[in-house]
Amino acid sequence: MVQRQNKKNRKVEHKNKTRVFLIIQALFILAVLGYLYFSSAPKAVFISGQSIIEPDVSFEVVAGTGEKIIVSRDPNFRNPIILEEGSTTNLPPGLYYWKSKNWLRESVVKTFEIKENVGLNLRIGDEKSILENAGNVETVVIEKKSGITSGTSLDVGGSMEADEEADYEGTKK
């Protein structure tokens, strides 16, 4: 009888040790999975809250952590622009929200702003000179020549023939 009781006690002890071992293994696996989940958050090289003038923004996803960048003018990412490796886009002035994403997760949402920029570029040629809108907004070009002032509207990237004897000034339309 005592021997039978000892066998039962040993079986119960063995079951308890096995249970404790399985619980420890499960906790270890959960800890590893938790670490992998949180360390796999996508990361992108870009400063949050930055203001820039150029409409061609570059993002670089840190190798092995992200697959794409999602950009939107809406904080809820309605109508997003999805940028994958090698893709480019020009963005008009405004406040933008962005996040990086990999196969498992998305990063925290960050912002950047593209400021309005009025810019003119004069290219002087042998036969004629060209005045280009080098900014990121539609620009009114004011031409002053011999006391006469006139204005012409130039779209972003647009150009017009320039008179080398005139003075030009650009303002936002």
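Read the figures in this text as sums done on the coordinates, not as results from a lab. Remember, predicted model here, so these are calculated numbers, not experimental data. Cβ sites come from the backbone with ideal geometry, for glycine too, and all protein chains shown count toward neighbours.
The H on the amide N of Lys68, modeled in the peptide plane, is under 5 Å from the matching H of Lys101, each at least 5 residues off or on a different chain. Extension gain for Glu106-Leu122 works out to 1.3 nm (0.36 nm per residue, less the C-alpha to C-alpha distance). Close amide-amide hydrogen proximity is noted between Ser129 and Ala162, each under 5 Å apart and 5 or more residues distant or on a separate chain (H modeled in the peptide plane; Pro and chain starts excluded). The label point for Asp155 and the one for Leu22, both projected 7 Å from the Cα toward the Cβ, are 7.0 nm apart. Measuring against 30 Å, Cα to Cα, the residue pairs Lys68/Lys115; Lys110/Lys172; Lys68/Lys172; Lys145/Lys172; Lys68/Lys173 contain Lys68/Lys172; Lys68/Lys173 as the ones spanning a longer distance.
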